[in-house]
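*Asks:* My questions will all concern the structure given below.
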Amino acid sequence: MNYYNEIKNELINNEIYKRVKDYSKNRSDLNTYYNVGKLLSEAGKHYGEGIITKYSKKLQIEVGKKYNKRTLFRMRQFYVMFSSEKVSPLATQLSWSHYIELLALNDENKILYYISQCLQFNLSRNELRNKIKNNEYERLDNKTKEKLIKKEENKITDFVKNPIIIKNRYDYKYISEKVLKQLILEDLDNFLTELGEGFTYIKNEYKIKLGDNYNYIDLLLYNIKFRCYVVIELKIIPLKKEHIGQIQTYMNYIDRNIKTIEEDNTIGIIIVRKNNKYIMEYCSDKRIIAKEYELV
């Protein structure tokens with residue numbers, strides 16, 4: 001079998017097809033690159049790894065400069081990954097530019113996570129690139145990653161990143177809780193994304209009355225997907241045990257006075273400068289989690 005001629009014909013036919021059938025060129029690209037990747041994989045078994053370098057030099061002259069060694073290598077990666085029955089249905093769901101970003105990760109579980117994010121939120125290539133750049137997958141805890149691999153049901157708190165990235169657009173050297181809150185509110189969409197899926201904003205400094213005194217919840221949110229209120233408390237100091245009692249009181253107030261019988265119990269998220277795993281280990285209320293923040 002002449003692998004080079006097969007590869008060359010696949011690429012030339014695709015270039016011609018794209019000019020005539022512009023509306024479906026993405027699917028044509030992906031099908032073509034998958035087939036080329038398969039041929040490259042088979043050719044490599046017969047002629048060794050150097051065959052990609054050899055073919056790329058000829059293809060750049062005879063078909064186009066974009067078919068360089070790196071591009072051919074990505075096509076082979078694309079085939080190797082999506083030839084698996086587990087992931088093959090996803091092969092044509094995104095654009096080739098998306099897959100260029102994804103294949104550079106070299107981790108199937110990480111790639112599958114970002115594919116799901118792209119499909120769920122209709123991410124552009126640049127939006128995907130930003131998520132990868134911000135190490136979104138790496139900032140999920142190990143239990144969440146295991147759930148993703150096993151395709152288990154997730155909880156509302158599973159996708160809260162750690163640390164939570166907050167943009168310090170004014171380059172503050174020192175921040176108070178008030179300033180931290182202001183930075184969050186000025187970039188609210190990003191903050192809600194850092195928490196996960198389905199979070200919506202209700203109010204900051206949400207006033208509640210405990211006995212004869214008024215207290216103020218830093219941020220009150222609602223999660224549409226899980227149908228529950230979410231109390232957010234901000235601390236610019238390391239986590240202390242009294243923070244648990246404070247947010248628990250606020251959560252109980254919301255449950256008794258605000259939430260309806262159809263809604264789930266309130267969740268509490270404490271965002272701190274530094275977490276203390278030993279305090280959280282002895283926190284019996286599993287509705288409460290603590291996450292660190294990072295200013296960038």
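The values are calculated or read from the model by the stated rules, or taken from the named source; none is laboratory data. Computed from a prediction, not measured in an experiment: that's the story for all the values here. No Cβ is skipped: glycine too gets one built from the backbone with ideal geometry, and neighbour counts run over all protein chains shown. Side chains are part of the model used for accessible areas, which takes the heavy atoms of the whole protein and leaves out ligands, DNA and RNA. Shrake-Rupley method; radii C 1.70, N 1.55, O 1.52, S 1.80 Å.
*Asks:* What are the residue pairs meeting all of these: first residue in segment 208-219, first residue closer than 18 Å to Leu234 by Cβ, second residue assigned to a strand (DSSP E or B) and open to solvent by 100 Å² or more (accessible area, probe 1.4 Å), Cβ atoms under 7 Å, and 6 or more apart or on different chains?
*Replies:* Tyr216/Lys207
*Asks:* Output the residues belonging to segment 186-207 that are open to solvent by less than 40 Å² (accessible area, probe 1.4 Å), among the aliphatic types (A, V, I, L, M) and free of Cβ contacts under 8 Å to residues at least 60 places away in the same chain.
*Replies:* Scanning segment 186-207 gives Leu188, Leu192.
*Asks:* If you don't mind, there's one more thing I want to ask. Assess whether Ile236 counts as being β-branched (Val, Ile, Thr), open to solvent by 30 Å² or more (accessible area, probe 1.4 Å) and assigned to a loop (DSSP other than H, G, I, E, B).
*Replies:* yes
Matching residues to (1) free of Cβ contacts under 8 Å to residues at least 60 places away in the same chain; (2) touching a strand residue (DSSP E or B) at 6+ places or on another chain (Cβ under 9 Å):
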| position | (1), (2) |
| --- | --- |
| Asn252 | yes, no |
| Glu263 | yes, yes |
| Lys274 | yes, yes |
| Met280 | yes, yes |
| Cys283 | yes, yes |
| Lys286 | yes, no |
| Tyr293 | no, yes |
| Val296 | no, yes |
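*Asks:* Counting only residues that are outside any loop (DSSP other than H, G, I, E, B) and basic (Lys, Arg), which one in segment 113-161 is farthest from Lys86 (Cα to Cα)?
*Replies:* Checking each candidate, the answer is Lys133.
*Asks:* Also: Please work out if Tyr79 is in a helix (DSSP H, G or I), touching a Phe, Trp or Tyr at 6+ places or on another chain (Cβ under 9 Å), closer than 19 Å to Glu101 by Cβ and not polar (S, T, N, Q).
*Replies:* yes
*Asks:* Is at least one residue of segment 55-73 of a type in the set (Lys, Arg) and over 34 Å from the mean Cα position of the chain (by Cα)?
*Replies:* Yes: one or more hits.
*Asks:* In segment 114-129, what residues are under 17 Å from Glu197 (Cβ atoms) and either at pLDDT 95 or above or not hydroxyl-bearing (Ser, Thr, Tyr) (or both)?
*Replies:* Tyr114, Ile115, Gln117, Cys118, Leu119, Gln120, Phe121, Asn122, Leu123, Glu127, Leu128
*Asks:* Look through segment 160-183, keep the residues that are of a type in the set (Lys, Arg) and open to solvent by 40 Å² or more (accessible area, probe 1.4 Å), and return whichever of them is nearest to Asn130 (Cα to Cα).
*Replies:* That would be Lys167.
*Asks:* If I go through segment 251-265 residue by residue, how many of them are open to solvent by 70 Å² or more (accessible area, probe 1.4 Å) and among the β-branched types (Val, Ile, Thr)?
*Replies:* The number of residues fulfilling the criteria is 1.
*Asks:* Give segment 33-90 a look and list any residue that's within 29 Å of Gln117 (Cβ to Cβ), among the β-branched types (Val, Ile, Thr) and modelled with pLDDT of 95 or more, or say none.
*Replies:* Scanning segment 33-90 gives Val36, Thr71.
*Asks:* A follow-up question, please. Pick out the one residue from Ile115, Ile149, Ile111 that is open to solvent by 20 Å² or more (accessible area, probe 1.4 Å) and more than 22 Å from Val230 (Cβ to Cβ).
*Replies:* The unique qualifying residue is Ile149.
*Asks:* Tell me, please, whether a residue that is hydrophobic (A, V, I, L, M, F, W, C), open to solvent by 30 Å² or more (accessible area, probe 1.4 Å), closer than 30 Å to Lys147 by Cβ and touching a residue at least 24 places away in the same chain (Cβ under 8 Å) can be found in segment 70-82.
*Replies:* Yes, the conditions are met somewhere in segment 70-82.
*Asks:* Quick one: how many residues across segment 30-76 are of a type in the set (Gly, Ala, Ser) and in a helix (DSSP H, G or I)?
*Replies:* 5
*Asks:* Do we find a residue being out of contact with any Gly (no Cβ under 6 Å at 6 or more places or on another chain), more than 21 Å from Phe159 (Cβ to Cβ) and of a type in the set (Asp, Glu) anywhere in segment 255-266?
*Replies:* There is at least one residue in segment 255-266 that is out of contact with any Gly (no Cβ under 6 Å at 6 or more places or on another chain), more than 21 Å from Phe159 (Cβ to Cβ) and of a type in the set (Asp, Glu).
*Asks:* In addition: When segment 49-65 is examined, which residues are found to be closer than 22 Å to Asn106 by Cα and open to solvent by 40 Å² or more (accessible area, probe 1.4 Å)?
*Replies:* Glu49, Gly50, Thr53
*Asks:* Any residue in segment 84-110 that is farther than 18 Å from Asn122 by Cβ sitting within a Cβ distance under 8 Å of a residue that is outside any loop (DSSP other than H, G, I, E, B) and polar (S, T, N, Q)? List the pairs, counting only those 6 or more apart or interchain.
*Replies:* From residues that are farther than 18 Å from Asn122 by Cβ, the pairs are Leu103/Gln77.
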